[in-house]
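Chemist: Would you mind keeping the following structure in view while I ask a few things?
Computed from the coordinates by the stated procedures, all read-outs in this text should not be read as laboratory data. Only a predicted model underlies this, so the values are computations on that prediction, with no experimental measurement involved. Don't worry about glycine lacking a Cβ; one is built from the backbone with ideal geometry, like all the others, and counts go over all protein chains shown.
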Amino acid sequence: MVPYLYKYLLLNNQLRIPGLGSFFIKLKSAHYPDDSPLLNGPVPAIYFLENQAEDIDGRLVDYLLAEMGEGEYALMVERLKDFSGEMHAAMNTSGKAILPGMGVLNKTATGILFNSLVDMAGYLPILDSSAKYEAGSDLNALEPGDKYWKTAAIILWIIGLGALIYYYV
């Protein structure tokens with residue numbers, strides 16, 4: 001369900017999940033980093049506002065019904081409430097609930113704290129490459145088939161030039 005919720009958030013700039021809270025996208029203002037004189041432009045960022053309102057966003061339910069292509073309105077409302085319950089259960093057991101693509105919800109003493117994807121480096125999977133890098137090998141070395149690319153480029157240029165001459169003469 002998370003990919004559908006994330007897509008809804010991107011399309012509508014807000015997402016209200018009953019019993020959990022509201023996610024919304026706003027532009028983070030431009031700023032100068034401490035170590036650089038260059039101005040970083042405004043970027044969109046996901047923010048979270050915790051609220052325990054039980055109101056259901058009818059547009060969200062209609063969207064989920066259309067995207068998932070299954071169930072009825074009442075069943076989708078129950079699935080949303082179950083999703084909210086799963087997030088609360090995950091936060092109660094491990095202290096955090098991971099929303100892939102969006103961020104991490106952390107349970108604190110004061111409420112729920114949302115960490116955006118920018119802070120998720122520790123939650124991303126570690127990729128294990130089967131190819132081993134040997135010290136001293138040249139990473140920019142050409143493959144055997146790549147040494148005649150200039151010849152192929154010149155031949156294609158001549159063919160293109162011939163087509164232009166034929167067309168205009």
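Chemist: Using Cβ contacts closer than 10 Å as the measure, can you line up Asp55, Asp62 from fewest to most?
Modeler: Asp55, Asp62
Chemist: Then there is this: Among Leu9, Leu75, which comes first, then next, by fewest other beta-carbon atoms within 10 Å? Show your work: numbers first, answer last.
Modeler: Details: Leu9 20, Leu75 12.
In increasing order of surrounding Cβ atoms, one gets Leu75, Leu9.
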